[in-house]
Amino acid sequence: VFFTSTDPLATVPLQYTFVPADNGAHTFTDGVAFRQAGSRTVTATDLAQTTVTGTSAPVTVTPTALAFLDVTGPASAQAGVAFSVTVAAKDTFFNTVPTYGGTITFTAPLDLANPVLPAPYVFVPATDQGVHVFSGGVTLFTAGTQVVAVEDQNLLPGALTVTVSAGAGTT
């Protein structure tokens, strides 16, 4: 038999050939380790008769503990033009942690020209579900590679690298 899962990141037992001593049943001590949140199943398929399969009952997999803050936004921006960023609370397997309720703060340590950043924000689990969009919340002014960093009260980091182009010249 060989095993597959609806979780593409799952660890499943290796292929196994039954022996007479199994009496038609075998315990797989390595088991299954799901990593992707949601409803997941495992299917065992007979290699000799691929129409013979068995699928587990659905298992609801929940995210593990918060591991980092994922900051997404544009790869490039023009100096002085606002853009949006999204911050998502993630576990070690990149699942969104919908129960996250921490306070985050923004910095742009390389932009010395007084960047415009969102005020500290408290995630509300009931409405944010671990993800919050800061629409038009960031404006950087220094051309070059810039970093928009995010940190929560437990010092969990997140960052977005943005290439900032010079704004229009003035006469």
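The values are calculated or read from the model by the stated rules, or taken from the named source; none is laboratory data. From a predicted model like this one, the values you see are computed outputs, not experimental measurements. Using ideal geometry, Cβ is built from the backbone for each residue, glycine included, and neighbour counts are taken over all protein chains shown. Remember, those area values only see protein heavy atoms, side chains included, never the ligands or the DNA or RNA. Shrake-Rupley method; radii C 1.70, N 1.55, O 1.52, S 1.80 Å.
Condition check ((1) of a type in the set (Gly, Ala, Ser); (2) farther than 25 Å from residue 9 by Cβ) across all residues:
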| position | (1), (2) |
| --- | --- |
| 75 | yes, yes |
| 86 | no, no |
| 89 | yes, no |
| 104 | no, yes |
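Among the residues of the range 2-15, those that are touching a strand residue (DSSP E or B) at 6+ places or on another chain (Cβ under 8 Å) and surrounded by 12 or more Cβ atoms within 10 Å (Cβ to Cβ) comprise 2, 3, 4, 5, 6, 7, 10, 11, 12, 13. In the set (1) modelled with pLDDT of 95 or more; (2) under 30 Å from residue 33 (Cβ atoms), the condition left unmet by residue 105 is number (2). Against the numbered list (1) modelled with pLDDT of 95 or more; (2) open to solvent by 50 Å² or more (accessible area, probe 1.4 Å); (3) under 30 Å from residue 8 (Cα atoms), residue 82 comes up short only at (3). Do we find that residue 39 is of a type in the set (Gly, Ala, Ser) and surrounded by 14 or more Cβ atoms within 10 Å (Cβ to Cβ) in this structure? Spelling it out, it is not the case that residue 39 is of a type in the set (Gly, Ala, Ser) and surrounded by 14 or more Cβ atoms within 10 Å (Cβ to Cβ).
Looking across the range 35-59, the residues that are out of contact with any Lys or Arg (no Cβ under 8 Å at 6 or more places or on another chain) and in a strand (DSSP E or B) come down to 38, 39, 40, 42, 43, 44, 45, 53, 54, 55.
Taken over the range 120-154, the criterion of being open to solvent by 70 Å² or more (accessible area, probe 1.4 Å) and assigned to a loop (DSSP other than H, G, I, E, B) is satisfied by 120, 129, 141, 153, 154. Being open to solvent by less than 40 Å² (accessible area, probe 1.4 Å), over 13 Å from residue 156 (Cβ atoms) and without any contact (Cβ under 8 Å) to a residue 60 or more places away in the chain is the requirement here; does residue 94 meet it? The answer is no for residue 94.
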